Amino acid sequence: MSLAIAGLASKEGVEILGSECVDISFPNFFEILEELCTSH
């Protein structure tokens with residue numbers, strides 16, 4: 001998850017493979033991250 005946050009600084013963007021493993025510890029992580037990114 002921390003590398004997903006770090007990827008926000010990338011000019012080329014990043015591709016995260018295997019992101020479904022995040023659902024175990026933080027099921028709504030990507031939805032919340034997207035909401036935070038679009039609200040600012």
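Just so it is clear, none of the values below were taken in a lab; they were calculated from the coordinates. No experiment lies behind these values; they were computed from the predicted model shown. Ideal geometry is used to build each Cβ from the backbone, glycine not excepted, and the neighbour counts take in all protein chains shown.
Using only side-chain charges placed at the Cβ, +1 for Lys and Arg and -1 for Asp and Glu, the dipole size of the chain relative to its Cα centre rounds to 180 debye. Full extension of the chain between ASP23 and ALA9 gives 2.7 nm of extra length, using 0.36 nm per residue less the Cα-Cα distance. Volume per residue for the chain equals 68 cubic angstrom (convex hull of Cα atoms).
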